[in-house]
Amino acid sequence: MESSQSPQATILIVEDEEGPRESLKMVLSPHFNLYSVDNAEVALNILKEQEIDLVTLDLKLPGKQGMDLLQKIRDEGRDTEVVIITGYGTLESAVNAIQHGIAAYITKPFNIPDLLGVIHKALDRRRQVDTLRGSLEAFSSLWVPAGEPASLTEKLRTLLGAKNPELAQHAQRVHYYTSLLLEHMELPAKSKEGIQLGALLHDIGQLGLQGRLALGNSEHTTEEKELLACHPVIGERMLQSMTFPEETRDVIRSHHERFDGTGFPNQLQGEAIPLAARVVGIANTFDNLVSGGVDTMPVTVPEAREYIRQEAGKALDPALADLFAKIVG
Ligand SMILES: [Fe+2]
């Protein structure tokens, strides 16, 4: 596989056995800058001193080193991607690792195209998260009051990126579709900015549910669904003490309201749903369709457009749904 995406990406191989370590080096060296170490302590030193994009980690390092290292990487707020490569994967360690936001879990013996595929995908994801960071940075003047310590921004960015990259990618795409729609709407620039920020943060309440839900696109139980339905209100509470544009708050609280009044959390109907939330509601629906949302498989863009048209006046604001269908058509 060609490493067309980023030949300069730097990978740290953490593997105590010489054989697998050397074969990983051989496979990865044509594509990436490499560091390779045989224990967690040296790995941590390298992580402190170098810019590492991705770590391949053998969970079965002596003692509990593998899991501990993973924990330390996350505790220190690093968003380095981690790919677990191990010969002794157990379900428990896989689940643990996934909760730590690892990119992938591969068991030995691995095949080379699979391994490279997983690594490229993980690096792609990291780049998307970086772009999202950039967007949040650009908007930070709107949501961090003057004099507020920068750590607040840092905290939110870390939360979005490191703890739940899927959410960060979804936010990024919803932001993009929202911007498309806004380009065709006549609104004051300030309102548009507030709505765009809302698009980036709309699901931030899901971070409050972290650890209580299975991540990814696995099917949710009824209980999990009920918990998920609280995320708009949780999101609103998370940001309560901060200064945000009204539009941003509207989006976070009301992006799951439906035009016909059967949405949540307040069963608002029609234009009682803030405009900002109706706009992002369409972008969110579209992304869940084309990227595959919770419990749903992705559909094609024409199918998604058709669905948006059908939902005009039901889930979605009819005029905005019509406009959006035309834009993506
Ligand atoms: Fe949501």
V42 - accessible surface, heavy atoms, 1.4 Å probe, Å² rounded to 10: 60
Separation of the E166 and T107 label points, Cα + 7 Å toward Cβ, nm: 2.1
Residue-span extension gain [E76 to E224] - 0.36 nm each, minus C-alpha spacing: 50.4 nm
Charge dipole (the range 164-328, unit charges on Cβ, about Cα centre) - positive-most of I282, L180, N266: L180
Chain lengthening between K326 and D260 when straightened (0.36 nm per residue, less Cα-Cα): 21.6 nm
Solvent-accessible area of T296 with every protein chain in place, 1.4 Å probe, in Å² to the nearest 10: 70
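The values are calculated or read from the model by the stated rules, or taken from the named source; none is laboratory data. Source: prediction; values computed, not measured. Cβ sites come from the backbone with ideal geometry, for glycine too, and all protein chains shown count toward neighbours. Side chains are part of the model used for accessible areas, which takes the heavy atoms of the whole protein and leaves out ligands, DNA and RNA. Shrake-Rupley method; radii C 1.70, N 1.55, O 1.52, S 1.80 Å.
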